[in-house]
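Every read-out reported here was derived from the displayed coordinates using simple, explicitly stated rules and does not represent laboratory data. Remember, it's a predicted structure, so these values are computed and weren't measured experimentally. FYI the Cβ positions are ideal-geometry reconstructions off the backbone, even for glycines, and counts take in every protein chain you see.
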């Protein structure tokens, strides 16, 4: 795996969102198209929460050899996701036990700062990939077992997956 390319691609995926938030005012960022739909700000909070509390948490478990399994594999769907570096263009429902509706950000600046933190954390994890054993993996609820590098790559894929949601919001509000 080319770690420089992974870091560059991950930074680009995060910067896409940071740049988007810089273009909109806070009222736009927190405007939801309908009851039960997420705003751009809620998407950003979701990206921050999932990176920190799911993707990086599992990468850390792999690095610390905490609750890992050796030699387990990914499911077929995961092989496709990693080959094409994208999730299928459908809406996913989170498992009920972990489903959380993200809160609105407190401010535009807070949201951007949270994503900057994720960018820094991603770089730190990418630098640690050579120290990890690629055979040690933790289980993703749908994709099977992933190692440190795969968790970081999946975080990148997840950031890019939400671009479609952003495009739908911009179209709805006539911002594009």
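Relative to the first principal axis of the alpha-carbon coordinates of the chain, what is the inclination of helix 3-23, with its axis defined by its Cα atoms, in degrees from 0 to 90 and to the nearest 10? Roughly 10 degrees, rounded to the nearest 10. Dividing the summed -39500 (n - 2.57) terms of all DSSP H runs of n ≥ 4 by the residue count of the chain sets its mean residue ellipticity at 222 nm at -18000 deg cm²/dmol. Principal-axis analysis of the Cα atoms of the chain puts helix 148-161 at an angle of about 20° to the longest axis. Helix 40-50 axis versus longest C-alpha principal axis of the chain: approximately 20°, rounded to the nearest ten.
For the stretch 116-176, a Kirkwood hydrodynamic radius built from all Cα pairs, placed in the Stokes-Einstein relation at 20 °C and 1.002 mPa s, yields a translational diffusion coefficient of 157 µm²/s. Where the alpha-carbon atoms of the stretch 18-115 are placed on the principal axes, they occupy 48, 29, 28 Å, in descending order. Going by neighbour counts of Cβ atoms within 10 Å, the residues 117, 100, 90 line up, fewest first, as 90, 100, 117.
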